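Notes for the one structure printed next.
The values are calculated or read from the model by the stated rules, or taken from the named source; none is laboratory data. This structure is a prediction, so every number in the text was calculated from the model and none was measured. FYI the Cβ positions are ideal-geometry reconstructions off the backbone, even for glycines, and counts take in every protein chain you see. Accessible surface areas use protein heavy atoms only, side chains included; no ligands, DNA or RNA. Shrake-Rupley method; radii C 1.70, N 1.55, O 1.52, S 1.80 Å.
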Amino acid sequence: MAGSKMSLLLAVVLVLSEMLTGASQAGLEMDPYKVLGVTRSASQAEIKKVYKRLAKEWHPDKNRNPGAEDMFIKITKSYEILSNEDKRANYDRYGQTDDTQAYGSGRYGHRHDSFYFDESFFNFPFNSKTHRDFADSKFTLHFNQYINDVVPDSYKRPYLIKITSDWCFSCIHIEPVWKEVVQEMETLGVGIGVVDVGYERRLANHLGAHRTPSILGVINGKVTFFHYAVAKEHLRQFVEDLLPQRLVERVTDKNDLQFLNSWHEINKPHVLLFDQVPVVPLLYKLTAFAYKDYMQFGYVDQGLSETANLQKQFNINTYAPTMLVFKENIDKPADIIQAKGMKKQIIDEFMANNKFLLAPRLVNQKLFDELCPVKQFHRRRKYCVLLITRDEETFSFGNQEFLSFASTNTKEVVRFAYVYQRLQQPLCDILTQNKDSGQSPPQVVILERRNAAGKVLFKPVTAWNGSEEDKQCLLDELERLHKDPSILIHDAMLPELNNEFASKNTLLGCIYNMCHCIKASVTTCRREMMPLLSLIFSALFILFGTVVIQAFSDSSEDKQTKPKTRDGTKLFVSTVNFRLPKKNFVEVTELTDITYMSNLVKLRPGHMNIVLVLTDASKNILLSKFAKEVYSFTGSLTLHFSFLNIDKHSEWMNTMLEYAQDAMQIDADEDDGGNHKIDYTGYVLALNGHKKYLCLFKPVYTGEDHEGKSSEDEGGATGRLRSSSRDDHPPRKSNRSRSISTLQIHHKLDRLGLWMERLMEGTLPRYYIPAWPGLDKITPCK
């Protein structure tokens, strides 16, 4: 009896010992050095190199081995330990990491009073961070990402979002269906998102998701919950129901002309898809939603007898889907694509190349911005040929001839458009220089946008009635423009265009939003009542605040601050018509013997000093004009601005211009006939102190000159101001002569902005200086 008890006790001890030994080995079985196959002295570069190779080899998406996922987890965990110096040192000293220390909650196991319980012993397939599907990781959403990226993008494509969490048994059941749906929807262009409630509680509350799992859709910034059984067909139908109704119109032999002829009214190209299936493909609906602001979409079912004439008219192949784009000519498609199994990438490229009509009507500011983009430095210029016309029947011939001319255009840098005076009167008055705000005859204007604030350079070309002479005149002007962009002699600030479809869009938007609110309130009334009321009151508050702010902003738009001149170092200018660089003023320093070394001789490499030459009498006028012309360039850190008083430093100016004999040859030839002293007022020098060269701007007069007008040579803005004084009789200094002189001085810097652009592009001639004149040349004569 005693022997049997002893044997039983010995057996129990052996079993316990075996269990403890096994548990200890389980806790130490994952050696990160052995998993990665590196030595303990391996460097971080070696560890990283090995990790990349093993991770690529054992990734579950590429390796079909049943143990690939577990091995990949071990590889990732091992690299996490060895790539962190603190965790690596802790493992080297004690054989344990933060995840395997006593009373620590690890991903692989837990230690309690020297007993190690391996989590794999229970083998629960929880949706923890370790066991979560790797395909979900690239779709994980965060709050800021949702607000900044998903919501704006939802106006171009719908989003399907899954709400999940750790330790969610129901989430596991829907995983196979979710994977299959994601794989299909992602190729169609539907946005996918995954929100983990455990890590993004704020985003889950913002979406109104209070349980897991949940599936919801987001379109046009609005959230809709999925309330049916999780099946592939149901989710596909849910995505289709998210899209607005009547995105795609059914087209047959009876309504094809009505559909295609509406291009003039809605100002959009039309797209027709011919296919054999009776239901409009989801990919085509998603494409229609993405390009709804640019194109009108129709669908032709080739299986119907009512579409036989259409198929015959456009010679449609019945064995492959065919997509046609129609612009102004409804008898012949502008572009065509035909392929079996059309891919989203091909369709997107096809749509992007045909977004606009050949000569669309400017109906809002957004269309104007896309057709006539703002000119950027170091990029190819973009010009817009604009016909200012009327919508009466008597002008239809000229409008049609303008369209005919635009259809022959092959230059990418030129875009054609037209605008109705009655609907865009403020814009037309500025471009036609019409001061009485009346209806003027049709006219063609060529313009180039200079900044987003509305500044343009333009030139009225010709009155337009569609004759061959008008076409030839416009063609000649375009050829001149290609050779010499400076023919655009007028500049102006354009107002924002009126949105001609605003009332219609507002009404449709209100109806759509009302329907959506009613549907959402019925389906989620009990759960979402308070957030819905909060949303309504917030919207009303925002609307009220917007109206108040708009009222105040409209009254303050006409106010402009006058430029102030300081006789020291700074000049403040108006910022109403300019895009703010970094300062709201232009800093201009006087070039004297004190600032000569720092502002010129010892100027850092790559920096230039733009020096305005003036006199005591013209100082205030020229400085104010100079500041306005160079203000848009003050954002550059390599440009400095100064002025030189020629009354004090004429000897230095003469010495400098000895090296620019080519530029001064015209002045020298004219001065040989008399003893006149050259008037340097309004000259501008761009001085590169490091490379020792200068670029020269000579003033050109573009205002109304009672005595004559000056011209501009091929070197850029190098015209010369002609003096209106006579040699025999000195002029009387009457009020009228003083005003004319002031006007002429003010206009001396009219072309300085264009000259500055050429300076930044590096296309101006350079005159090199062997050495800068000494201090004795800059010192004022006593």
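Scanning region 635-651 for residues that are open to solvent by 10 Å² or more (accessible area, probe 1.4 Å) and touching a strand residue (DSSP E or B) at 6+ places or on another chain (Cβ under 7 Å) yields Thr638, Leu639, His640, Phe641, Ile646.
Every residue, every condition in (1) out of contact with any strand residue (DSSP E or B) (no Cβ under 6 Å at 6 or more places or on another chain); (2) open to solvent by 40 Å² or more (accessible area, probe 1.4 Å), yes or no:
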| position | (1), (2) |
| --- | --- |
| Lys156 | yes, yes |
| Cys171 | no, no |
| Glu175 | yes, no |
| Val181 | yes, no |
| Glu184 | yes, yes |
| Thr187 | yes, yes |
| Val195 | no, no |
| Tyr199 | yes, yes |
| Arg202 | yes, yes |
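Take Lys375 and tell me if it is touching a residue at least 60 places away in the same chain (Cβ under 8 Å) and basic (Lys, Arg). Answer is yes for this residue.
Could you look through region 652-672, keep only residues that are open to solvent by less than 80 Å² (accessible area, probe 1.4 Å) and part of a loop (DSSP other than H, G, I, E, B), and pick out the one that is modelled with the lowest pLDDT? Only one residue tops the list, namely Ala663.
Being within 32 Å of the chain's Cα centre (by Cα) and within 22 Å of Met760 (Cα to Cα) is a condition met by no residue of region 652-660. For Lys483, are the conditions met, namely being open to solvent by 30 Å² or more (accessible area, probe 1.4 Å) and within 32 Å of the chain's Cα centre (by Cα)? Yes; evaluated as a whole, the condition is true for this residue. Just one of (1) more than 32 Å from the chain's Cα centre (by Cα); (2) buried (at least 20 other Cβ atoms within 10 Å of the Cβ); (3) not in a loop (DSSP other than H, G, I, E, B) fails for Val218. It is (1). Residues of region 73-85 that are assigned to a helix (DSSP H, G or I) and either among the aromatic types (Phe, Trp, Tyr) or open to solvent by 30 Å² or more (accessible area, probe 1.4 Å) (or both): Lys74, Thr76, Tyr79, Glu80, Ser83, Glu85.
Listed by first and then second residue, the pairs linking a residue in region 146-171 that is among the acidic types (Asp, Glu) and at pLDDT below 95 to a residue that is assigned to a loop (DSSP other than H, G, I, E, B) and open to solvent by 60 Å² or more (accessible area, probe 1.4 Å), with Cβ atoms under 7 Å apart and 6 or more places separating them unless they lie on different chains, are Asp166/Lys129; Asp166/Gly198. Look at Ala417 and say whether it is part of a loop (DSSP other than H, G, I, E, B), outside the structural domain of Arg758 (by the TED database) and hydrophobic (A, V, I, L, M, F, W, C). So Ala417 fails the test.
Residues that are part of a strand (DSSP E or B) and either among the acidic types (Asp, Glu) or over 17 Å from Glu240 (Cβ atoms) (or both) were ranked within region 286-309; the one that is nearest to the chain's Cα centre (by Cα) is Gln296. The single condition among (1) in a helix (DSSP H, G or I); (2) over 22 Å from Lys340 (Cβ atoms) that Leu283 does not meet is (2). Taking every residue in region 469-481 that is in contact (Cβ under 8 Å) with a residue 24 or more places away in the chain and outside any helix (DSSP H, G or I) and pairing it with any residue that is among the small types (Gly, Ala, Ser) and open to solvent by less than 70 Å² (accessible area, probe 1.4 Å), at least 6 positions away or on another chain, yields no pair with a Cβ-Cβ distance below 9 Å.
Each residue in region 150-179 was checked for being out of contact with any Leu (no Cβ under 9 Å at 6 or more places or on another chain) and not in a loop (DSSP other than H, G, I, E, B), and 12 pass.
Could you list, in sequence order, all residues of region 305-327 that are surrounded by 14 or more Cβ atoms within 10 Å (Cβ to Cβ) and of a type in the set (A, V, I, L, M, F, W, C)? Listed by number, the residues that qualify are Leu310, Phe314, Ile316, Ala320, Met323, Leu324, Val325, Phe326.
Just to be sure, is Arg88 at pLDDT 55 or above, open to solvent by 90 Å² or more (accessible area, probe 1.4 Å) and part of a helix (DSSP H, G or I)? For Arg88, the condition - at pLDDT 55 or above, open to solvent by 90 Å² or more (accessible area, probe 1.4 Å) and part of a helix (DSSP H, G or I) - is not met. The criterion of being surrounded by 15 or more Cβ atoms within 10 Å (Cβ to Cβ) and of a type outside the set (S, T, N, Q) does not hold for Leu257. What about Leu273, is it among the aliphatic types (A, V, I, L, M) and either under 30 Å from Val419 (Cβ atoms) or part of a helix (DSSP H, G or I) (or both)? Spelling it out, it is not the case that Leu273 is among the aliphatic types (A, V, I, L, M) and either under 30 Å from Val419 (Cβ atoms) or part of a helix (DSSP H, G or I) (or both).
Here Leu358 meets each of (1) open to solvent by less than 60 Å² (accessible area, probe 1.4 Å); (2) within 30 Å of Leu282 (Cα to Cα); (3) in contact (Cβ under 8 Å) with a residue 40 or more places away in the chain with one exception, condition (1).
Once region 51-72 is narrowed to residues that are assigned to a loop (DSSP other than H, G, I, E, B) and basic (Lys, Arg), the residue that is least open to solvent (accessible area, probe 1.4 Å) is Lys62.
Count of region 227-244 residues, restricted to those that are assigned to a loop (DSSP other than H, G, I, E, B) and in contact with a helix residue (DSSP H, G or I) (Cβ under 9 Å, 6 or more places away or on another chain), is 6.
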